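Colleague: Could you have a look at this structure, given as structure tokens, before my questions?
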Amino acid sequence: MPELPEVEVARRALEEHCVGKRIVRCSAADDTKVIDGVAPPRLEAALVGRTISAARRKGKNLWLALDSPPFPSFQFGMAGAIYIKGVELSKYKRSAVRPTEEWPLKYSKLLVVMDDGLEFSFTDKRRFAKIRFLDNPEAVPPISELGPDALFEPLHLDDFVESLSRKKAPIKALLLDQSFISGIGNWIADEVLYQARIHPMQTASMISKEKCKALHQCIIEVIEKSLEVGCNSSQYPENWIFHSREKKPGKAFVEGKKIDFITVGGRTSAYVPELQKLDGIDATASRAKISKEQSKSNKAAREVDDDEEEAKPAKRGRKQLVKATHEIQEDEEDAKASKRGRKQPAKTSKGSWKKAHHSSEGSGDDDSDDEAVDKVVAEQGKRRDPKQPAEAKSSSDKGGSAAPAKRPQRKKRQL
């Protein structure tokens, strides 16, 4: 995402190459998501014939002052960029347009041609940028809601320290708040906090005066250094965390020290735990949080172990029941064969049953064992009570209800 240095490089280029020149032609893309509040044809007609008198910026927003209002303003969003044909601007994740490249660029949202033939284009590949046409860009959002510009309006050290002392938010989230200081984005915030040796989660009001002073100085130095090299990221100092902040966790190091990643203010934050430590109550709260999380993790692990231990006796009991069921079935088969006078089949040995049972484990035979157990239990429930009268047995065999036996009548005596 373009931050203050990238937008400032674009402003300086427009001021150098376009101020004092008249617009003779322009072409606006038919993209009302990017071109906000004005129809593209009206924007084109309103710009032609106008002269650019200045290029201005606040935070990550840029606008062109013309010989009379309204003025075009540019909010860069995630991927907005200014290109001037034949002029190299920034090498931060992009390069100058080469003569062999297509022009206007594929994602151009506004192309402007000057009276001397110079052309510039505002592009946006991801369509989060905004182009507006306003009478006074500074008087309306988003520019009117911005805090002091980190480059043009830096806070005095005493005001900076006083301001931080009233803030309860994590310092990284506060630096990203454009109403506090405008122009600082994710990579600059990570860089200045690393250089000042401040943890991204440190509560702003808990930062010592010495570290506040270091942070104030680092903001100025990082912005000035990036502008000094024209935002050519390959020329940023080697000891900057910038060069490794986009590497994968475990593979990111700066000056031999490991970089960790956390989320602060909804943004991924790169920091070095060895150098950027929490202080005071934040450190105590962090240790308590880690201890609580470890306690929860240990409790969950113990519950899993307990469940596994409880499952072991149940598993052994089931195996024993299945084994007993097979033995009962074998005994019944032997009894039937003996009753019919047939030759008794060879009884399966316990060893062979065990072998068969073990070979069936894990192969889907558990369901058949369960059915066998249920069948044996049901059969045993149907067995006749030895004390039950024969008539009841006979009636039950026929499927009727068992009736009580009639008492035989005594013969009448002859008189």
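So that you can scan it fast, the table gives a plain yes or no per residue for (1) closer than 15 Å to Leu118 by Cβ; (2) touching a residue at least 40 places away in the same chain (Cβ under 8 Å); (3) not in a loop (DSSP other than H, G, I, E, B):
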residue: Met1; (1), (2), (3): no, yes, no
residue: Arg11; (1), (2), (3): no, yes, yes
residue: Arg25; (1), (2), (3): yes, yes, yes
residue: Asp31; (1), (2), (3): no, yes, no
residue: Gly37; (1), (2), (3): no, yes, no
residue: Arg57; (1), (2), (3): no, yes, yes
residue: Leu62; (1), (2), (3): no, yes, yes
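Colleague: Turning to a different aspect of this structure: Residue check: is Lys277 in contact with a Lys or Arg (Cβ under 9 Å, 6 or more places away or on another chain), open to solvent by 20 Å² or more (accessible area, probe 1.4 Å) and part of a helix (DSSP H, G or I)?
Modeller: Against the criterion (in contact with a Lys or Arg (Cβ under 9 Å, 6 or more places away or on another chain), open to solvent by 20 Å² or more (accessible area, probe 1.4 Å) and part of a helix (DSSP H, G or I)), Lys277 does not qualify.
Colleague: Looking at Phe122, Phe128, Phe152, which one is among the aromatic types (Phe, Trp, Tyr) and not assigned by the TED database to the domain that holds Asp67?
Modeller: Among Phe122, Phe128, Phe152, only Phe152 is among the aromatic types (Phe, Trp, Tyr) and not assigned by the TED database to the domain that holds Asp67.
Colleague: Six or more apart or on different chains, Cβ atoms under 7 Å: show the pairs whose first residue is in the stretch 267-285 and at positive phi and whose second is open to solvent by 60 Å² or more (accessible area, probe 1.4 Å).
Modeller: Filtered contacts from the stretch 267-285: Gly280/Met206.
Colleague: From Ile223, Ile262, Ile184, grab the single residue that is surrounded by 16 or more Cβ atoms within 10 Å (Cβ to Cβ) and under 29 Å from the mean Cα position of the chain (by Cα).
Modeller: None of the other options fit; the residue is Ile184.
Colleague: Quick one: how many residues across the stretch 12-46 are within 27 Å of Asn186 (Cα to Cα) and either among the hydrophobic types (A, V, I, L, M, F, W, C) or surrounded by 21 or more Cβ atoms within 10 Å (Cβ to Cβ) (or both)?
Modeller: Count: 4.
Colleague: Looking at the stretch 86-121 only, could you name the residues that are modelled with pLDDT under 95, over 21 Å from Leu227 (Cα atoms) and not acidic (Asp, Glu)?
Modeller: Residues satisfying the conditions are Arg98, Pro99, Thr100, Trp103, Pro104, Leu105, Lys106, Tyr107.
Colleague: Restricting the search to the stretch 160-177, which residues are open to solvent by 40 Å² or more (accessible area, probe 1.4 Å) and under 23 Å from Leu227 (Cβ atoms)?
Modeller: Once the filter is applied, which keeps residues that are open to solvent by 40 Å² or more (accessible area, probe 1.4 Å) and under 23 Å from Leu227 (Cβ atoms), the stretch 160-177 yields only Asp177.
Residue-by-condition table, conditions (1) modelled with pLDDT of 95 or more; (2) assigned by the TED database to the domain that holds Gln217; (3) over 30 Å from Pro70 (Cβ atoms):
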{"residue": "Ala139", "(1), (2), (3)": "yes, no, no"}
{"residue": "Ile171", "(1), (2), (3)": "yes, yes, yes"}
{"residue": "Gln178", "(1), (2), (3)": "yes, yes, no"}
{"residue": "Ile184", "(1), (2), (3)": "yes, yes, no"}
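Colleague: Do we find that Lys213 is assigned to a loop (DSSP other than H, G, I, E, B), open to solvent by 60 Å² or more (accessible area, probe 1.4 Å) and without any contact (Cβ under 8 Å) to a residue 60 or more places away in the chain in this structure?
Modeller: No.
Colleague: Let me ask something else. Evaluate the following for Ala81: is it surrounded by 14 or more Cβ atoms within 10 Å (Cβ to Cβ), under 23 Å from Arg126 (Cβ atoms), touching a Ser or Thr at 6+ places or on another chain (Cβ under 9 Å) and not assigned by the TED database to the domain that holds Ser226?
Modeller: Taking the combined requirement at face value, the residue satisfies it.
Colleague: Find all pairs meeting these conditions: Cβ atoms under 8 angstrom apart; at least six residues apart or on different chains; first residue within the stretch 149-168 and more than 14 Å from Ile181 (Cβ to Cβ); second residue of a type outside the set (Gly, Ala, Ser).
Modeller: Sorted first by the residue in the stretch 149-168, then by its partner, the pairs are Lys168/Thr203.
Colleague: Moving to a separate point now. Hey, Gly77 hits all of (1) in a loop (DSSP other than H, G, I, E, B); (2) over 25 Å from Gly183 (Cβ atoms) but one; which does it fall short on?
Modeller: Answer for Gly77: the failing condition is (2).
Colleague: Something else about it: Check off (1) under 28 Å from Ile259 (Cα atoms); (2) hydrophobic (A, V, I, L, M, F, W, C); (3) surrounded by fewer than 19 Cβ atoms within 10 Å (Cβ to Cβ) for Leu155 and give me the number that stays unchecked.
Modeller: (1)
The values are calculated or read from the model by the stated rules, or taken from the named source; none is laboratory data. The model shown is predicted, which means the values in this text are computed figures rather than measured ones. Cβ sites come from the backbone with ideal geometry, for glycine too, and all protein chains shown count toward neighbours. In case anyone asks, the SASA skips ligands and DNA or RNA and just uses the protein heavy atoms, side chains included. Shrake-Rupley method; radii C 1.70, N 1.55, O 1.52, S 1.80 Å.
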